[in-house]
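Working notes, beginning with the structure itself.
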Protein chains: 2
Amino acid sequence: VPNMTAVDDQNNNYSFFNESLPKHRLMTPGPTMIPERVILAMNRVIKHHKSEYFSKIFEEVRDGLKQIYKTDNDVLIFTSSGTGMLEAAVQNFFSPGERVLVVNTGHFGERWARICQVYGLTVRVLEVEWGSAVNPKLIEQRLSEETGKDITGVFVTHTETSTGIENDIEEIGKIVRETDALFLVDTVSGLATSRFETDTWGVDVALSASQKGFMCPPGLGFAAISERAWLANKKATLPRYYFDFAISKDNMIDFQTPWTPAITIIYGLVEAIKIILEEGLENVWERHNKLARAMRAGITAMNLTLFPINLAPNVTVVNCPDGFTPAQIKKQIYDRFGIYIAGGQGRLKDLVFRIGHMGYVDKIDILSVIASLEIVLKEGGHIFDSGAGIRSAMDVLSGD
Amino acid sequence: VPNMTAVDDQNNNYSFFNESLPKHRLMTPGPTMIPERVILAMNRVIKHHKSEYFSKIFEEVRDGLKQIYKTDNDVLIFTSSGTGMLEAAVQNFFSPGERVLVVNTGHFGERWARICQVYGLTVRVLEVEWGSAVNPKLIEQRLSEETGKDITGVFVTHTETSTGIENDIEEIGKIVRETDALFLVDTVSGLATSRFETDTWGVDVALSASQKGFMCPPGLGFAAISERAWLANKKATLPRYYFDFAISKDNMIDFQTPWTPAITIIYGLVEAIKIILEEGLENVWERHNKLARAMRAGITAMNLTLFPINLAPNVTVVNCPDGFTPAQIKKQIYDRFGIYIAGGQGRLKDLVFRIGHMGYVDKIDILSVIASLEIVLKEGGHIFDSGAGIRSAMDVLSGD
């Protein structure tokens, strides 16, 4: 077992454990692994963000994002994590005291509700038991109860990586469409991993980021903004500057950003978008679905249970079996097999572990995690039929 | 002359003009050129930002930043451009209606005043003629006039890249120290290019970013925060979340960030900080000073005049000579010599051109710009003694 001590050698390198062997495999629900083509693209020389060269790049990125968002709406790009985009969505479309409905299906729904509170909105939270998707009928009911009280925004998480669920954005969209409220969706982890149709589903504001389905390093956030949302933007009085969508839109006319953007990551994104469109968006979604089915077949065959009921295709959240802690499993899998998975988040910290399978993930990645889990769990005394996990996963993947 | 048409070849490469020859040289006041060591560092495999490996990296970056800031204060790191940090400095320390004094010595002072207005502060602007540094006595006068009216913050730009001036932060610090106001400094372009001593000079909040003196791609912002500033932070009611310094500080205890950071750029920053500390901070400042002197000797020997009076050592702002436009000069220098300089910014757009010499810049870079300018200006009919610019610059640099 490699030693965990950091060695800062004379070549200015970090030699930590797992720097070389076992190979490092990042299987968390973001950040994710980066394809070689994306890494190479990011090595390009830095060109000025106001140059004609860069504007061409930026135009291509914008057009690619529109295809992946399935939208004719404006798509804007920011130097930010996904959380910055959640905050931007609040700042840009609302005024203090406005009533909004936030659906809380996990850690990121909770975070969005918190941001709305910080900005002085009157926040109605629809609390959903963690592990379940929201029943769209409950949103309909809440909105009808609030009639006349002007709910001006409905906030929903598409795929919630803390609990592993996927909300039915299409159905919720039909309901919100019947009201005057804006429909705002956090699809930071959902976009380019699970079906998402911004325009067809009537999503007014859809937020995403570079380090999940987009297979890029973290550092860029995206926002797709409908015409209805732009009307709200004009009236919204909450303060904003760095994330001011109107300033950004003005600059996008010339394919520029108002502030210096994360140039290297945009270089990577150009390449990542090509990879996604070459595979085809439907195929990307189907790959995630199939890999998720294989993962769940393997997990359940190992006599483990899934935490969520309504499964997202980009992460598998597993109840930690008796006799183990998430931290132990995570450490063993990493130290011995180089696979970095995630523990639980927020209130689920000690109850579940999470395996990300989003973005640059293939069949062998899935089988690798399952095999590693089998060894660690078997040695730790968890009872299941040896090889059952890997056989079940292979069954799903065979023929493909 | 290479053709400007974009060619998207089958290897997924962009072949724009200047992609290969002439070589691309970025001589703008940010973003700047990236050392090979930094580029290589950014190719490292993405490790999770909550892993022990990453915490070690993050601790090293934090410690390095403190050395470069010359501070014992907290230094926080954000995924953002410099503008985001200017906004964060407003959000984190003030409440609506508070009176602040913003010194406007150029485009970035103007921007900071605008941000204060957006956030509902009562903004007093000390307008300084562009091209001059602020006279610290004027700040003293303004603060004494405002006595009893509780000016709670004084905002100053250290080196202002739009006009090419440097403000005397040390002297201003002595004056602000005599009041209860916080002293907030935008040293986005100044840090690691010109002497800056956060603690000795009494700077409460010092903002910077990765793409100037730090020789990294854009994408990271930094903030050094004094104990006095933390006290103000506790009382400040302006809304903030993504840039909430208190949340960030809490996470820094474990050398983590609350939101997913720009991991690749942090890898690069580790290496860039090493390069800076290997050269030595005093030597970095002296190199910038000497290169600036060579640049100005060359510029004035070409019968050109400098726009600013109080010169910053990281950018040279030149009055555009008769018979030329900044855009023409910029285009010629780029198309023929591969050197990308900047035009004027804001109200100086058509009046000046700007040559950045910050970060990863050496003697040959300076001579290259001057030689290119000589050729372009001579051909365009500008009258000066051929070779005078390059000879004068070489005189400054010889013996070194």
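The values are calculated or read from the model by the stated rules, or taken from the named source; none is laboratory data. Keep in mind that what you see is a predicted model, and the values were worked out from it rather than measured. Cβ atoms come from the backbone with ideal geometry, glycine included; neighbour counts cover every protein chain shown. Side chains included, ligands, DNA and RNA excluded: accessible areas come from the protein's heavy atoms. Shrake-Rupley method; radii C 1.70, N 1.55, O 1.52, S 1.80 Å.
Taken together, B:GLU160, B:GLU170, B:GLU166 contain a single residue that is under 22 Å from B:ALA89 (Cα atoms) and open to solvent by less than 10 Å² (accessible area, probe 1.4 Å), which is B:GLU160.
Select from segment A:198-220 the residues that are outside any strand (DSSP E or B) and either surrounded by fewer than 24 Cβ atoms within 10 Å (Cβ to Cβ) or hydrophobic (A, V, I, L, M, F, W, C) (or both) and write down the one among them that is farthest from the other protein chains (Cβ to nearest Cβ). Residue satisfying both the conditions and the ranking: A:THR200.
Taking segment A:389-400 as the range and being of a type in the set (A, V, I, L, M, F, W, C) and open to solvent by 10 Å² or more (accessible area, probe 1.4 Å) as the test, the residues that pass are A:ILE390, A:MET394, A:VAL396, A:LEU397. The residue of segment B:254-267 that is surrounded by the fewest Cβ atoms within 10 Å (Cβ to Cβ), among those that are over 20 Å from A:ARG111 (Cβ atoms) and hydrophobic (A, V, I, L, M, F, W, C), is B:PHE255. Of the residues that make up segment A:188-195, is at least one of a type in the set (A, V, I, L, M, F, W, C), open to solvent by 10 Å² or more (accessible area, probe 1.4 Å) and without any contact (Cβ under 8 Å) to a residue 40 or more places away in the chain? No, segment A:188-195 contains no residue that is of a type in the set (A, V, I, L, M, F, W, C), open to solvent by 10 Å² or more (accessible area, probe 1.4 Å) and without any contact (Cβ under 8 Å) to a residue 40 or more places away in the chain.
Which of the residues belonging to segment B:212-236 are polar (S, T, N, Q) and closer than 21 Å to A:GLY84 by Cβ?
B:ASN233 - this is the single residue of segment B:212-236 that is polar (S, T, N, Q) and closer than 21 Å to A:GLY84 by Cβ.
Please verify whether B:LEU311 is open to solvent by 30 Å² or more (accessible area, probe 1.4 Å) and either more than 30 Å from B:GLN67 (Cα to Cα) or within 12 Å of chain A (Cβ to nearest Cβ) (or both), treating the condition exactly as stated. No; evaluated as a whole, the condition is false for this residue. Within segment B:11-40, the residues that satisfy the criterion of being facing chain A (nearest Cβ under 8 Å), touching a Phe, Trp or Tyr at 6+ places or on another chain (Cβ under 8 Å) and at pLDDT 90 or above are B:HIS24, B:LEU26, B:THR28, B:THR32, B:MET33, B:ILE34. Taking the criterion of being in a strand (DSSP E or B) and either closer than 21 Å to B:GLU87 by Cα or at pLDDT 95 or above (or both), would at least one residue in segment B:188-197 satisfy it? No.
In segment A:220-233, the residues that are under 9 Å from A:ASP204 (Cβ atoms) and free of Cβ contacts under 8 Å to residues at least 12 places away in the same chain form no Cβ pair under 8 Å with any partner that is assigned to a strand (DSSP E or B) and open to solvent by less than 10 Å² (accessible area, probe 1.4 Å), whether six or more places apart or across chains. Search segment B:46-88 for residues being away from chain A (no Cβ under 14 Å) and in a loop (DSSP other than H, G, I, E, B), and hand back the single one that is farthest from B:ASN251 (Cα to Cα). Selected residue: B:LYS70.
With B:ASN92, B:ASN104 as the choices, which residue is in contact with a helix residue (DSSP H, G or I) (Cβ under 8 Å, 6 or more places away or on another chain), within 13 Å of another protein chain (Cβ to nearest Cβ) and either of a type outside the set (Phe, Trp, Tyr) or open to solvent by 30 Å² or more (accessible area, probe 1.4 Å) (or both)? Every option except B:ASN92 fails the conditions.
Summed over segment A:346-384, the residues that are surrounded by fewer than 20 Cβ atoms within 10 Å (Cβ to Cβ) and either of a type in the set (S, T, N, Q) or outside any helix (DSSP H, G or I) (or both) give a count of 11. For the residues A:LEU231, A:LEU304, A:LEU277, the requirement of being part of a helix (DSSP H, G or I), surrounded by fewer than 23 Cβ atoms within 10 Å (Cβ to Cβ), more than 14 Å from chain B (Cβ to nearest Cβ) and among the aliphatic types (A, V, I, L, M) singles out A:LEU231. In segment B:110-129, the residues that are within 13 Å of B:LEU86 (Cα to Cα) and within 11 Å of another protein chain (Cβ to nearest Cβ) form Cβ pairs under 7 Å with partners that are open to solvent by 20 Å² or more (accessible area, probe 1.4 Å) and hydroxyl-bearing (Ser, Thr, Tyr), at six or more places apart or across chains, as follows: B:ILE115/A:TYR241; B:VAL118/A:TYR241.
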